[in-house]
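The values are calculated or read from the model by the stated rules, or taken from the named source; none is laboratory data. Since the structure is predicted, the reported quantities are computational estimates derived from the model, not experimental observations. Ideal geometry is used to build each Cβ from the backbone, glycine not excepted, and the neighbour counts take in all protein chains shown.
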Amino acid sequence: MDVSERIQRMMSDFEQQAAKAAEVKERMSELRGTARSEDGTVEVTVAPSGAVLDLRLESGAVRQSHTALQRSLLDTIRQATQDAAARMDETVQPLLGDRAEQFKQAFNSHGAQPVTPEPGGGTPESGAGTASTDSTNAARGSSGAGGGRPDWEDEDDDFSDGSFLR
């Protein structure tokens with residue numbers, strides 16, 4: 001194979017990859033995940049990233065206690081996010097084949113992951129189901145009493161050698 005044939009082949013491969021990328025982008029922009037709460041009072045639609053695009057509350061939702069409504073909202077958002085992830089798998093697998101897993105890893109590495117509920121009905125952020133606020137703060141690196149700054153925040157803020165993200 002001479003040089004011009006190799007270049008032609010490389011250009012053809014590149015054009016095919018670009019067409020696949022455009023198709024994935026188009027399908028991803030249309031992708032949504034939807035879920036409804038068990039009692040039917042909460043409906044959530046999310047993007048593949050987990051961003052909430054639509055939230056609908058039936059009149060019965062506001063009659064719940066604030067903690068029950070919070071739990072229902074979070075559970076329904078998680079279900080919708082799982083639905084979006086499943087739809088994304090169905091969408092990218094036929095287009096990307098053996099590279100679908102690599103795509104999903106790259107996609108998931110740049111976004112927040114859905115929080116899985118802890119036993120006892122709480123989430124790590126809510127503190128529900130945990131022993132105390134001080135133990136939660138200690139696990140997060142906070143000095144505890146008075147909700148002071150975490151110990152790692154007292155470090156020098158010279159970011160010249162790398163990322164400013166902690």
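Farther than 23 Å from Phe103 by Cα, acidic (Asp, Glu) and in a helix (DSSP H, G or I), is that true of Asp75? For Asp75, the condition - farther than 23 Å from Phe103 by Cα, acidic (Asp, Glu) and in a helix (DSSP H, G or I) - is met. Would you point out the residue of region 17-56, among those that are buried (at least 16 other Cβ atoms within 10 Å of the Cβ) and in a strand (DSSP E or B), that is nearest to the chain's Cα centre (by Cα)? The qualifying residue nearest to the chain's Cα centre (by Cα) is Val46.
Checking Asp98, Asp89 one by one, the residue that is within 30 Å of Asp13 (Cβ to Cβ), of a type in the set (D, E, K, R), over 17 Å from the mean Cα position of the chain (by Cα) and at pLDDT below 95 is Asp98 and no other.
Taking every residue in region 28-56 that is within 11 Å of Arg87 (Cβ to Cβ) and pairing it with any residue that is exposed (fewer than 12 other Cβ atoms within 10 Å of the Cβ), at least 6 positions away or on another chain, the pairs with Cβ-Cβ distances below 8 Å are Gly33/Ala86.
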